[in-house]
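Please read the structure below before turning to the comments.
Since every read-out is calculated from the coordinates, none of them should be taken as a lab result. All of these numbers come straight from a predicted model, not from anything done at the bench. Because the Cβ atoms are built from the backbone with ideal geometry, glycine has one as well, and the counts that use them run over all protein chains shown.
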Amino acid sequence: MIQFINRFIPYSAKMSFLLSFALISPLVGYSQDSIAHRFSFSVAAGLGYNRFPGFFWSADLPYIPGVTNGISTTGLGNSPKIMRVFEADFLFRLNDNRYIGLTFSHQNSRADLNIARPSLSNTVILSFEGYKNEFTYQHFGVEFGQEVVPRLHFGVGLSYFIERTNWMDVRGGYDGPTIVTLSSWQQRLDQLALSASMAYYFPVNYYFQIGIRTKGFLTLYGFTSLTLTPVLKFSF
């Protein structure tokens with residue numbers, strides 16, 4: 001079942017992108033003169049809210065008497081709920097108020113750990129001093145949108161979602177040494193996500209617009225994150 005899911009998710013993402021290109025290609029040469037700007041590219045940077053902050057590790061540690069027994073996972077570096085966000089979109093306008101395109105969202109959070117956790121027997125103490133606990137969300141997606149009223153845009157999309165978090169593994173401890181391994185961004189989870197966005201734009205000149213956008217993401221876990229970003233949009 002796990003192998004089927006691991007194969008199905010990349011296959012679904014690839015088919016979604018191929019379908020989008022198939023929809024765009026026949027329209028590229030159609031009525032270019034009827035719409036002043038057929039393409040647009042936008043970048044955005046701001047803040048986001050993380051609904052499910054990641055744990056320092058999420059894998060089950062092996063049971064080692066006096067080592068892993070009694071080491072609590074709670075308090076060992078849950079990622080902050082406030083994230084830094086960068087987004088980029090490349091869109092193709094289908095008609096005067098509808099569009100389709102490719103989207104990218106990178107959400108990152110980092111926290112310094114300055115804590116210590118002993119085992120029950122006090123044979124091992126896990127100590128963190130200034131350790132960077134990080135996680136990232138990355139969404140590679142396709143979005144369908146519409147300008148519902150002048151300057152106000154609403155979009156829905158499907159994205160290939162990658163989550164990366166720090167990893168810790170504890171091994172040994174019977175008659176040999178205890179080995180604690182820390183790795184950054186080695187814990188990875190891939191799945192599909194749905195998104196919904198709303199943006200409002202102000203024209204600067206014939207080519208540029210500035211605006212504000214909010215975007216939410218829904219995965220198999222449920223609602224995961226919400227972003228709020230200023231946007232710079234270039235149309236051509």
Determine the gain in length on full extension of the stretch Ala36-Asn114; use 0.36 nm per residue of separation and subtract their C-alpha separation, reporting nm with one decimal.
22.5 nm
Rule-of-thumb check for segment 125-166: C-alpha Rg over 2.2 N^0.38 Å?
2.06
Ranked list, fewest to most other Cβ atoms within 10 Å of each Cβ, for Val149, Val43:
Val149, Val43
Sticking with the crude label model, points 7 Å out along Cα→Cβ, report the distance from Gln138 to Arg151 in nm, one decimal please.
3.6 nm
